Amino acid sequence: MSVNETIASAVGTQEETIIPVKDPIEEGKRESIHVEEGKTVGKPFADDPKFKLRNVEVFYGQDRAIKDISLDIARNEVISFIGPSGCGKSTFLRCLNRMNDSIDICRIKGQLMLDDEDIYHSKKDVVELRARVGMVFQKPNPFPKSIYDNVAYGPRIHGLANRKSDLDDIVENSLRKAGLWDEAKDRLDAIATGMSGGQQQRLCIARAIAVSPEVILMDEPCSALDPIATARVEELIAEMSESYTIVIVTHSMQQAARVSHRTAYFHLGHLVEVNETNKVFTSPEHELTESYITGRFG
Ligand SMILES: Nc1ncnc2c1ncn2[C@@H]1O[C@H](COP(=O)(O)OP(=O)(O)O)[C@@H](O)[C@H]1O
Ligand SMILES: [Mg+2]
């Protein structure tokens, strides 16, 4: 496939509408492309941010994995994080609901605000935070319990239902929103780990939705799924974006192009560029973004 065909398929448009990219960067020249620390090109900020993240740095011991990143995530947007393996996408994503807390050597600096509340305030209730900011992982990880109990798990812990009928309603609604109700309604007592991978991932989405989160973080949610299951999860992301703010890490540029409003390109712990997804894939502002999306490294 030519470069333009790749981009055309990535943004789902015809080739003729694509703005041609510049000539490929010569081998060896890439290392000399400059990333100015703390300077992200494009549109990293938003008018009505759900998350306001400023000068974020993350260290694993002495190693600085995230280097002075500032970014807003807008309310009800779907934003994709892309970039080569090891560039810090998962690390940065995990800061948003303090999933890094369990890593002893991990330290976070900077200001991370969710609706003007400091996520890292010493008195912050992390359990409550994770109910507001749910997470779906790369590998579907249902509990070895029934389908019903997987979805009911969070609502039970958070005391969201007083009566069995309320809990039944939450389970049904969550499974419906996750596009799984028709497949699951006659086998709610069946063990969840017996489902197909795609069904398990939608169950994990239902489990995340069940506690009425405001934000859903997804770390490569489709990388263990086949193309049909992937398409179903992508449809779901589009539907869910009406009610939730969604942050998705993906190694698939086609996926980023299909599901997200904005795309953020990471490189070696820097946030190089953030822009409307279409712009990132058709006329990136930074040479490194261009180099990545045209497949010259990654
Ligand atoms: N638990 C950890 N302990 C030490 N280093 C880590 C840990 N997790 C990630 N890293 C390092 O942080 C950097 C960013 O990793 P990661 O966030 O997983 O990147 P990505 O998700 O973009 O592939 C890498 O250099 C990786 O080796
Ligand atoms: Mg990762």
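The numbers here are math on the coordinates, done by the rules we state, and not lab data. Being a predicted model, the structure only gives us computed values, none of them experimental. Here the Cβ positions follow ideal geometry from the backbone for every residue, glycine too, while neighbour counts run over all protein chains shown.
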A student applying the Cα gyration tensor rule (rounded when a/c is under 1.5; otherwise prolate if a/b is larger than b/c, oblate if not) would label the stretch 101-167 oblate
For the stretch 141-298, state what percent of all Cα-Cα pairs lands in each successive 5 Å bin, counting from 0 Å until the bin that includes the largest distance. 2, 9, 17, 19, 16, 12, 9, 7, 6, 3, 1, 0
Computed for the stretch 3-293: size of charge dipole around the Cα centre, +1 on C-beta of each Lys and Arg, -1 on C-beta of each Asp and Glu, debye to nearest 20, value 920
May I ask you to derive the FRET efficiency for I103 and H261 from their Cβ-Cβ distance with R0 = 41 Å, giving the value to the nearest 0.05? 0.85
I need to check one value: relative contact order of the stretch 3-293, counting alpha carbon pairs closer than 8 Å and at least 6 residues apart, in percent. 29
From phi via Karplus (6.51, -1.76, 1.60), per-residue ³J(HN,Hα) for the stretch 120-131 in Hz, x at Gly/Pro: 9, 4, 4, 9, 5, 7, 5, 5, 5, 4, 6, 6
For each pair in K124/K164; K52/K177; K50/K123, compute the distance between the two Cα atoms and list the pairs where it is over 25 Å. K124/K164; K52/K177
P(r) for the chain, please, calculated from all Cα pair distances in 5 Å bins and given in %. 1, 5, 12, 15, 17, 16, 13, 10, 6, 3, 1, 0, 0, 0
Relative to the Cα centre, what is the charge dipole magnitude of the stretch 66-145, using +1 at the beta carbon of each Lys and Arg, -1 at the beta carbon of each Asp and Glu, and rounding to the nearest 20 debye? 380
Rounded to whole Hz, the Karplus (6.51, -1.76, 1.60) HN-Hα couplings of the stretch 106-118, x for glycine and proline: 8, 10, 10, 10, x, 10, 10, 10, 10, 6, 6, 10, 6
Taking R0 as 45 Å, what's the FRET efficiency between L268 and D189 from their Cβ-Cβ distance, rounded to 0.05? 0.40
Measure off 7 Å from each Cα along the Cα-to-Cβ vector at F45 and E57, then give the distance between these two points in nanometres to one decimal. 2.2
Other residues with Cβ under 11 Å from the Cβ of V215 give, with Lys and Arg +1 and Asp and Glu -1, a net charge of +1
Which residues among the stretch 273-294 fall inside the zone where the amide N is under 12 Å from a point 7 Å beyond the Cα of I33, along Cα→Cβ? 273, 284-294
So which aspartates and glutamates can K139 reach, going by Cα to Cα under 18 Å and dropping same-chain residues fewer than 8 places off? D219, E220, D226, E234
DSSP-defined beta bridges in the chain - what % are antiparallel, rounded to 5: 55
Using the beta-carbon distance between L160 and R64 and R0 = 45 Å, what value does 1/(1 + (r/R0)^6) give for FRET efficiency, to the nearest 0.05? 0.70
For the charge dipole of the chain, defined by +1 on Lys and Arg C-beta atoms and -1 on Asp and Glu C-beta atoms about the Cα centroid, which residue among M135, S252, P221 has the Cα displaced farthest towards the positive pole? M135
